[in-house]
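Inspection log for the structure reproduced underneath, given as structure tokens.
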Amino acid sequence: MIRSLPWPLAVIDFEASSLEPSGYPIEVGLALWDAPGEPIRSWSALIQPTTDWARQGHWSQQSAKVHGLRGRDLMAAGWRPDRIAPGLNRVLGPGRTVWCDGGPYDGQWMRGLFRAGGVDPVFMLDDWHRLAALMGKTSRERALDWLERVRATHRARSDAEQLLLAMAHALGIEAGCVEDPDLLEV
């Protein structure tokens, strides 16, 4: 099971202003697991809205209650898309598969982030459930059961970490998480 996984593993998660088509990404989180004996490294950043997003994008009060972020948080502490997108490309590298569980939403928010950042992604998104299926039915079910018990925080870094921790649990691997705030630093 462990050998059947495409190591190293990378999971990305986005939080957004809204689930509407005009919603935009407001936070991105990344969790990297190089090998079964290594800790899971993680990083996240708030995303500063572009002028177009602020003017034309949809901000949902319901979404804000879920993730607990406010527009002023993004303006004060957010990273510009033209800093995040090239950094993600550099860290993840060309041709790499990055796993996510947000289906078409994650693809929409990633495309919006990279478009605003002025670059194309060099990596590909794929469904975390397909990755979990590589572990086999029993381990996949264990991972899903673990995720049911551990509530999502709806913050990008911890949600990305949880997907890898669920896999570690299902495989019987002790894996801790280490936040790496410098992961995307230039």
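Where a number appears in this text, it was derived from the coordinates with a stated rule and is not lab data. This one's a predicted model, so the numbers in the text were calculated from it and none came from an experiment. Methodologically, a virtual Cβ is constructed for each residue, glycine included, from the backbone with ideal geometry; neighbour enumeration extends over all protein chains shown.
Structural remarks
- If you run the Gaussian network model on the chain, springs between alpha carbon atoms under 10 Å, then out of Val28, Val150, Val98 the most flexible one is Val150.
- The long axis of helix 156-171 is offset from the longest Cα principal axis of the chain by roughly 10 degrees.
- Listed by Cβ neighbour count within 10 Å, with the fewest neighbours leading, Ile47, Ile173 appear as Ile173, Ile47.
- Cβ-derived FRET efficiency at R0 25 Å, Ser22 paired with Arg80, nearest 0.05: 0.80
- Among Ser158, Ser42, Ser60, the largest mean-square fluctuation in a Gaussian network model of the chain (Cα springs under 10 Å) belongs to Ser60.
- Extension gain, His154-His129: 0.36 nm per intervening residue step, less the Cα-Cα distance, totals 7.2 nm.
- Helix-derived mean residue ellipticity, 222 nm - over the chain, DSSP H n ≥ 4, -39500 (n - 2.57), to 500: -13000 deg cm²/dmol
- Of every Cα-Cα pair in the chain, the percent that sits beyond 28 Å: 22
- Cα-based helix-to-principal-axis angle, 103-117 vs the chain, degrees rounded to 10: 50
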